[in-house]
Amino acid sequence: MKPPISERHQDFLKELINVGIGQGAQALNEMTEYHVKMKVPELRVFDHTNIQEYYALYQQRRLAAVEMEFQSELNGAVKLIFPEESALKLVEFFTGEPAGPDSRAMSVSALSEIGNIVINSVVSEISGQLDLYVQYTVPRYVEESIDRIMDPLTRRPGFAVLMCHARFEVEELCVAGDLVLVFEIGHFETFSQKVEHFYQRMLEG
């Protein structure tokens, strides 16, 4: 059974997430001398019936991710995931230093900061607009395969994944990653109801 979210809600959520990502980009602009643009051209929903389709996008690739768990009104996690080559490009661009084995601490610090800014901007926009109360853990940096990054929430049948393919554009640099929201399925239904309620309020003006 597919998670309960309609196509119109997906379009609405994409716009909501784009606002949050835009706020994250503005924060990154203020940290650097470069104009950072970020957008979400694609949003997809996965559950236990089709999650392997998502895993197949990154099969046999090592990834870098910043993740933050949340609980209370909703239980789940937010993850910002990059292919390793994209992560290295971002580190080199924002630090001005070549990324490599000798600069791992710098790379982890830079990606953690980028991820923290983007995740917090998106989560703040979503929770604020949908009137959600959630508590968050401190963001954590990991380097793993896609299935390990998505564990443990996707290990059980009762989950839903909202995948937002995000594109970073910084002058001549263009890299892409995924902003992923993982919910326990009951909490995804709560999330969908909140989206519908806010959507109807917007229609009513």
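The values are calculated or read from the model by the stated rules, or taken from the named source; none is laboratory data. Not measured: the values here are computed from a predicted model. Reconstructed Cβ throughout: ideal geometry from the backbone, glycine too, with neighbour counts over all protein chains shown.
Give segment 89-106 a look and list any residue that's surrounded by 14 or more Cβ atoms within 10 Å (Cβ to Cβ) and either in contact (Cβ under 8 Å) with a residue 24 or more places away in the chain or more than 19 Å from residue 176 (Cβ to Cβ) (or both), or say none. Working first, answer last.
Taking segment 89-106 and keeping what is surrounded by 14 or more Cβ atoms within 10 Å (Cβ to Cβ), we get 89-95, 99, 103, 106.
Result: 89, 90, 93, 94, 95, 103, 106.
Just the residues that are among the acidic types (Asp, Glu) and either under 18 Å from residue 184 (Cα atoms) or surrounded by 16 or more Cβ atoms within 10 Å (Cβ to Cβ) (or both), please, taken from segment 40-56. Even if it seems obvious, please write down each step before you answer.
Going through segment 40-56, the residues among the acidic types (Asp, Glu) turn out to be 42, 47, 53.
Matches in segment 40-56: 47 only.
Out of (1) closer than 15 Å to residue 13 by Cβ; (2) modelled with pLDDT of 85 or more; (3) aliphatic (A, V, I, L, M); (4) over 14 Å from the mean Cα position of the chain (by Cα), the odd one out for residue 202 is which?
That leaves (2) as the condition not met.
Scan segment 64-82 residue by residue and report those that are closer than 16 Å to residue 118 by Cβ and of a type outside the set (Asp, Glu).
Across segment 64-82, the qualifying residues are 64, 65, 66, 68, 70, 77, 78, 79, 80, 81, 82.
Give 109, 127 a once-over and let me know the one that is hydroxyl-bearing (Ser, Thr, Tyr) and surrounded by 15 or more Cβ atoms within 10 Å (Cβ to Cβ). Walk me through it before giving the result.
Working: 109 fails: surrounded by 15 or more Cβ atoms within 10 Å (Cβ to Cβ).
Answer to the selection: 127.
Output yes when any residue across segment 130-139 is touching a strand residue (DSSP E or B) at 6+ places or on another chain (Cβ under 9 Å), under 24 Å from residue 15 (Cα atoms), in a strand (DSSP E or B) and among the hydrophobic types (A, V, I, L, M, F, W, C), and no when none is.
Checked segment 130-139: at least one residue is touching a strand residue (DSSP E or B) at 6+ places or on another chain (Cβ under 9 Å), under 24 Å from residue 15 (Cα atoms), in a strand (DSSP E or B) and among the hydrophobic types (A, V, I, L, M, F, W, C).
Under 7 Å between Cβ atoms, which residue pairs at least 6 apart in sequence (or on different chains) link something in segment 30-58 that is of a type in the set (Lys, Arg) with a partner that is modelled with pLDDT of 85 or more and not in a loop (DSSP other than H, G, I, E, B)?
37/25; 39/18; 39/21; 44/163
In the list 167, 140, 201, which residue meets the criterion of being within 25 Å of residue 83 (Cβ to Cβ), surrounded by fewer than 15 Cβ atoms within 10 Å (Cβ to Cβ) and out of contact with any helix residue (DSSP H, G or I) (no Cβ under 6 Å at 6 or more places or on another chain)? Lay out the reasoning, then the answer.
Values: 167 fails: surrounded by fewer than 15 Cβ atoms within 10 Å (Cβ to Cβ); 201 fails: within 25 Å of residue 83 (Cβ to Cβ).
Exactly one residue qualifies, and that residue is 140.
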